[in-house]
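The values are calculated or read from the model by the stated rules, or taken from the named source; none is laboratory data. Predicted, not measured: the structure shown is a model, and the values here were computed from it. Here Cβ is always computed from backbone atoms with ideal geometry, including for glycine, and neighbour counts include all displayed protein chains.
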Amino acid sequence: MDGRFSARIGGVLVVAALALAGCEQGAGGMGGSGDMASASAVERSRAPTEAERLLDQRSRAMQRTVLEASGAGAALGGTSALAWGLGPALIASLAGGAAGASAGTYVGTLQQDYANDEQRLDRMITDLETANADAEALLVAMRRVLDEQLAEIASIRATISKDVSAEALLKTELDSLQENVQVMEAAISGADERLEDVRAARNVLAPDQAGARVDPRLGELSRRIAAMREIATTLSQGA
């Protein structure tokens, strides 16, 4: 019993440190993906196709943080870490690991809003199901853009020998290809962040109980992210 209590207190200290790190980065853990979504908006070299418009939409959805996707607001403030009396050096060491500011905010939200591990696990599962649904919708859009754009590029290249003006059309389409790759990569970064946020919560808050319920869904999201990367790589090679 004493060992488990000590471990839980250690987890709370990690949560507090991560939350403070998020505040020190200036966005309370919630602004990261919002900034990413703005940065990922590309100025297209031509009018987007229906498939590309859908890709843009799905990419923005995937770049929401776990809390944004669930409709929750930012949770903890910087005073949480200070309340535990953590020194700057300890805060820096705890926040310097794999879990970033958004993970600290997510973990802190679960710690603050849910009274026990069972409720936190239920919330993690709900958030993972949302992330997997967003990832699957994104994959559908990515596959459609991949198929349509590679076919269009092949068609243009087949006419270049007969129509010199097709070279300009090819350049425009290749520019669009690179723009689509950027949109895909931004979405993949968002998916990675959601995966790592829930993984951090799983490891800090309920490592013993999470295996059978949370880990399979983490695995599903990880596999979908791998499929996204494969599509983005295949498209980039089409240039």
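Is it true that some residue in region 221-229 is without any contact (Cβ under 8 Å) to a residue 12 or more places away in the chain, surrounded by fewer than 19 Cβ atoms within 10 Å (Cβ to Cβ), part of a helix (DSSP H, G or I) and not basic (Lys, Arg)?
Filtering region 221-229 for residues without any contact (Cβ under 8 Å) to a residue 12 or more places away in the chain gives 223, 226.
Those still in the list that are surrounded by fewer than 19 Cβ atoms within 10 Å (Cβ to Cβ) too: 223, 226.
Narrowing the set further to residues that are part of a helix (DSSP H, G or I) leaves 223, 226.
Add one more test, that the residue is not basic (Lys, Arg), and what stays is 226.
Yes, that holds for at least one residue.
With Thr126, Thr130 as the choices, which residue is surrounded by fewer than 20 Cβ atoms within 10 Å (Cβ to Cβ), closer than 19 Å to Asn203 by Cα, of a type in the set (Ser, Thr, Tyr) and at pLDDT 95 or above?
Numbers: Thr130 fails: closer than 19 Å to Asn203 by Cα.
Of Thr126, Thr130, the one residue that is surrounded by fewer than 20 Cβ atoms within 10 Å (Cβ to Cβ), closer than 19 Å to Asn203 by Cα, of a type in the set (Ser, Thr, Tyr) and at pLDDT 95 or above is Thr126.
Out of all the residues in region 109-120, is one or more modelled with pLDDT under 50 and either in contact with a helix residue (DSSP H, G or I) (Cβ under 6 Å, 6 or more places away or on another chain) or under 30 Å from Leu150 (Cα atoms) (or both)?
No, that holds for no residue.
Among the residues of region 153-172, which ones are part of a helix (DSSP H, G or I), in contact with a helix residue (DSSP H, G or I) (Cβ under 6 Å, 6 or more places away or on another chain), of a type outside the set (S, T, N, Q) and free of Cβ contacts under 8 Å to residues at least 60 places away in the same chain? I'd like the intermediate steps shown before the answer.
Going residue by residue through region 153-172, those that are part of a helix (DSSP H, G or I) are 153-159, 166-172.
Okay, now just the ones that are also in contact with a helix residue (DSSP H, G or I) (Cβ under 6 Å, 6 or more places away or on another chain), so 153, 156, 159, 166, 169-170.
In the following step, the residues that additionally are of a type outside the set (S, T, N, Q) were identified as 153, 156, 166, 169-170.
Of everything in region 153-172, those that are part of a helix (DSSP H, G or I), in contact with a helix residue (DSSP H, G or I) (Cβ under 6 Å, 6 or more places away or on another chain), of a type outside the set (S, T, N, Q) and free of Cβ contacts under 8 Å to residues at least 60 places away in the same chain turn out to be Ile156, Ala166, Leu169, Leu170.
Out of Asp134, Asp175, Asp208, Asp122, which single residue is more than 18 Å from Arg46 (Cβ to Cβ) and either touching a residue at least 12 places away in the same chain (Cβ under 8 Å) or among the hydrophobic types (A, V, I, L, M, F, W, C) (or both)?
Asp134
Are any residues in region 114-153 aromatic (Phe, Trp, Tyr) and closer than 30 Å to Gln237 by Cβ, and if so, which ones? Before the answer, list the steps.
Let us first name the residues in region 114-153 that are aromatic (Phe, Trp, Tyr), namely 114.
Across region 114-153, there are no qualifying residues.
Determine, yes or no, whether Leu235 is under 17 Å from the mean Cα position of the chain (by Cα), in a helix (DSSP H, G or I) and of a type in the set (A, V, I, L, M, F, W, C).
Working: under 17 Å from the mean Cα position of the chain (by Cα): no; in a helix (DSSP H, G or I): yes; of a type in the set (A, V, I, L, M, F, W, C): yes.
Answer is no for this residue.
Take the residues of region 211-220 that are within 19 Å of the chain's Cα centre (by Cα) and in contact (Cβ under 8 Å) with a residue 40 or more places away in the chain: which is surrounded by the fewest Cβ atoms within 10 Å (Cβ to Cβ)?
Glu220
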